[in-house]
Amino acid sequence: MPESAAAESVVGWSEREQLDFFSSGELLALLSEVSSGVIGGDPDVSLVEVHHRPGAGVSGVFEVVGDAETIYLGATAEKLPRVPEGTVTLEGPNGRVVVWLHPADPMLPGLGLATTPEAVGETWGGGRRLEDLRTLTYRPLRRAVMLARFDDGEELFLKVLRRDAAVMHAKHEMLLAVGIPAPVPAGLPVAEVLALRRVAGMPLAEDLMHSGVLPLSPERIVALLDSLPQGLMDVPVRESWSDRLEWYVLAAVTALPAAEQRIRALGSRIDVVLDSARRGPLVPSHGDFYEANIFVAGGKITGLLDIDSAGPGYLVDDLACFIGHLAVLPGIDGRYVDVDGYLNDYARAFASELERRDTDPAGFYARSAAVVLSLVAGARDEEDPDWETLALDRIVIAEELLRRA
C-alpha cells in the first residue's frame, strides 16, 4: 500500500461520529477505492467487526473481496504515536482514519510472524509440520491470539502483544513457580509474540452451562486469588473497570445514545457507593478474572489464563469482575439456565468473605455493576440486528446488581 503522511486526530471528532463513519457506506467506498490499487477491479468491502476503546477511539477490520483474491484491512480513528510506512490516511467527515493491509498492524510488530505459516513452523515447530494456523482473537492495535497445531498433535497459542512480552513471560513463570496452573511458555518471546501451551480441563464457562450443580466452589476461587505470588506487586498498577467508570459510561452512551440519561444516572449512583465503600488492602490480583479465563476439571482449577493485567490490585475487583461477567451469560446463550442461581450463591459467599476482610459488600456489588456497564458497548455486533436489545438488557442487569448494594 502507498505511504501516507503523518496523521493527527482532528479535535471534535466524537467517538459516536467515529462509530457512525465506520459503519457507513462512505468509508466502504473509500476502502474499495484504496483496495483496487492492491487487487484490481472494483472490490466489494464489508465491515467484519468494529472495536471501540473508550477514550481512545474506534478501530475496525474489513473484508475486501476481489475477482480472484480476498484481503483484509485494518483501520483506526485513534491517534497513533506515529503512522508507519505502508499505511494510507483517509479523510473522514470530522477526522482521519489510518488504514493498513492485514497483518501489517502498526502497533503489533509480531502479527506478521504469527500469521505466516512458514514463519510459525520455522520459529516454533522444532522440525514438526504445521497442520493448522487460525486466528482466535484480534483487536486492532491491541493484541491477537493465534492457534497453531502441529502434526504431533501439540497446540500452541501465539499471543501477539504490543510490547512487554518478556514481562508477560516472567509473569507466567512467577505463577507456575508457586503452583498456579498458568499456561507454560514454549520458550522465550520472539518479536513480542509469546507461545503458550494448552492447559488441562475445560473453561469454567462450559462447565457452568452443562453442570447441574455449582461446578466450582467459591472457596476454591478465593483460595486461588489468595495464592497469587507477591512478585506481582512489583508490576505496574493497572486500573480496574470501576476506576475507568467514566470512560465506560461514555462508551455505553456512544453505543446507545437514546439511553444516555439512564446510563449516566446509573454511573452516578455507582460512583456514590464507591466513594464511601471500603476497598480493602492492595494485593496481588489477576485483573481480568472471569469464567472464560478459568479452566476446571472435577471441581478443581486446572488453568488460569490471560494474565496480561495481573499485578497490584484488590480482591474485591477480581471477584466483582467474576460476578459481572457471570451475570451477562444468560443473555449470550440461553443454555445458561442455572447461572442465575449460581450467581446468587457466588455473590453471597464473596460478599461474606469480603466483609470478613473489612471490605464493604456494598462496594462489591457496585463494582460488579460497573463491570456489567463496561460490557454494554461490547454488545454491539454488526451481524446481529438485535444487539441493542442485548445492550439494554445489560443496563438492567447492572441496575439490579447495584440495587443489592
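The values are calculated or read from the model by the stated rules, or taken from the named source; none is laboratory data. What you see is a predicted model, and the numbers here were worked out from it, not measured in a lab. Every residue, glycine among them, receives a Cβ derived from its backbone with ideal geometry; neighbour counts consider all protein chains shown. Calculation scope for accessible area: heavy atoms of the full protein, side chains included, ligands and nucleic acids excluded. Shrake-Rupley method; radii C 1.70, N 1.55, O 1.52, S 1.80 Å.
Tabulated data
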quantity: Strands (runs of 3 or more DSSP E) wholly inside the range 245-325 that include at least 2 residues being farther than 24 Å from residue 355 by Cβ and more than 17 Å from the chain's Cα centre (by Cα); calculated: 294-297, 300-304
quantity: Output for the range 150-186, where each listed residue is farther than 15 Å from residue 307 by Cβ and acidic (Asp, Glu); calculated: 151, 152, 154, 155
quantity: The range 342-380 - residue that is free of Cβ contacts under 8 Å to residues at least 24 places away in the same chain and open to solvent by 40 Å² or more (accessible area, probe 1.4 Å) and, of those, farthest from residue 279 (Cα to Cα); calculated: 378
quantity: Single condition residue 291 does not satisfy, out of (1) over 23 Å from residue 220 (Cβ atoms); (2) touching a His at 6+ places or on another chain (Cβ under 7 Å); calculated: (1)
quantity: Residues of the range 32-45 that turn out to be open to solvent by less than 70 Å² (accessible area, probe 1.4 Å) and part of a strand (DSSP E or B), as a count; calculated: 1
quantity: Unique match (being closer than 29 Å to residue 243 by Cα and modelled with pLDDT of 95 or more) among 60, 74, 121; calculated: 60
quantity: Subset of the range 78-96 (residues that are touching a Gly at 6+ places or on another chain (Cβ under 9 Å) and either modelled with pLDDT of 95 or more or charged (D, E, K, R) (or both)); calculated: 78, 79
quantity: Looking only at the range 52-83, and only at residues there that are among the acidic types (Asp, Glu) and open to solvent by 40 Å² or more (accessible area, probe 1.4 Å), the one that is farthest from residue 108 (Cα to Cα); calculated: 67
quantity: Residue check, residue 75 within 17 Å of the chain's Cα centre (by Cα) and among the small types (Gly, Ala, Ser); calculated: no
quantity: Residues (of a type in the set (Asp, Glu) and either closer than 16 Å to residue 318 by Cα or surrounded by 18 or more Cβ atoms within 10 Å (Cβ to Cβ) (or both)) located in the range 215-250; calculated: 219, 226, 239, 243
quantity: Lone qualifier among 143, 134 - being under 28 Å from residue 13 (Cα atoms), basic (Lys, Arg) and within 22 Å of the chain's Cα centre (by Cα); calculated: 143
quantity: Matching residues in the range 255-296 - criterion: being among the acidic types (Asp, Glu) and open to solvent by 70 Å² or more (accessible area, probe 1.4 Å); calculated: 260, 271, 275
quantity: Selected residue [in contact (Cβ under 8 Å) with a residue 12 or more places away in the chain, hydrophobic (A, V, I, L, M, F, W, C) and in contact with a Gly (Cβ under 9 Å, 6 or more places away or on another chain)] from 114, 205, 191, 170; calculated: 191
quantity: Filtered residues of the range 84-111 (kept if open to solvent by 60 Å² or more (accessible area, probe 1.4 Å), under 24 Å from residue 16 (Cβ atoms) and out of contact with any helix residue (DSSP H, G or I) (no Cβ under 8 Å at 6 or more places or on another chain)); calculated: 91, 96
